[in-house]
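**Student:** Structure below; questions to follow.
The values are calculated or read from the model by the stated rules, or taken from the named source; none is laboratory data. These figures come from a predicted structure and were not determined experimentally. All Cβ positions, glycine included, derive from the backbone under ideal geometry; neighbour counts span all protein chains shown.
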């Protein structure tokens with residue numbers, strides 16, 4: 001029997017499709033450069049949009065360099081602020097995944113970047129006409145696009 005993340009299934013408005021959720025952590029100032037390298041390899045399409053990703057806000061990264069690291073072994077634990085996480089979906093294509101991981105490594109500031117890959121199901125809308133749905137952003141007051149970044 002297949003695990004649920006291996007198969008497509010339908011609901012009335014949505015189809016759930018197998019994808020890989022790829023994430024990487026990097027200093028905040030490096031995220032855009034790394035994500036740009038990924039977007040060269042895949043359009044990161046979701047429905048009628050592309051270049052899709054999600055950037056989680058900054059946190060602290062903890063680590064202690066050991067023997068064999070470029071900086072040499074240290075006794076204390078480092079706490080680096082300003083480390084973000086970027087997430088995006090890829091179709092389950094091993095060649096594409098390999099190319100993306102290699103691209104992240106190539107432009108990342110770390111010699112051993114944190115990259116994770118998870119098998120997930122991602123939603124895809126079926127294109128139902130819900131243009132009058134009062135919960136959709138275009139039918140509510142305000143416009144998120146005019147908000148400051």
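**Student:** So, residue 106, is that one modelled with pLDDT of 95 or more and either more than 30 Å from residue 133 (Cβ to Cβ) or touching a strand residue (DSSP E or B) at 6+ places or on another chain (Cβ under 9 Å) (or both) or not?
**Tutor:** Yes, satisfied.
**Student:** Here are some conditions: (1) in contact with a strand residue (DSSP E or B) (Cβ under 9 Å, 6 or more places away or on another chain); (2) outside any loop (DSSP other than H, G, I, E, B). Residue 113 meets all but one. Which one does it not meet?
**Tutor:** For residue 113, the exception is condition (2).
**Student:** Restricting the stretch 124-141 to residues that are part of a loop (DSSP other than H, G, I, E, B) and under 27 Å from the mean Cα position of the chain (by Cα), which is surrounded by the fewest Cβ atoms within 10 Å (Cβ to Cβ)?
**Tutor:** 135
**Student:** Now a separate question. Please determine, by comparing only the residues of the stretch 94-110 that are touching a helix residue (DSSP H, G or I) at 6+ places or on another chain (Cβ under 9 Å) and either over 19 Å from residue 56 (Cβ atoms) or free of Cβ contacts under 8 Å to residues at least 24 places away in the same chain (or both), which one is surrounded by the most Cβ atoms within 10 Å (Cβ to Cβ).
**Tutor:** Among those that are touching a helix residue (DSSP H, G or I) at 6+ places or on another chain (Cβ under 9 Å) and either over 19 Å from residue 56 (Cβ atoms) or free of Cβ contacts under 8 Å to residues at least 24 places away in the same chain (or both), it is 103.
**Student:** Right, next: Being in contact (Cβ under 8 Å) with a residue 40 or more places away in the chain and farther than 14 Å from residue 99 by Cα is the filter; apply it to the stretch 28-43 and report the residue that is surrounded by the fewest Cβ atoms within 10 Å (Cβ to Cβ).
**Tutor:** This residue is 29.
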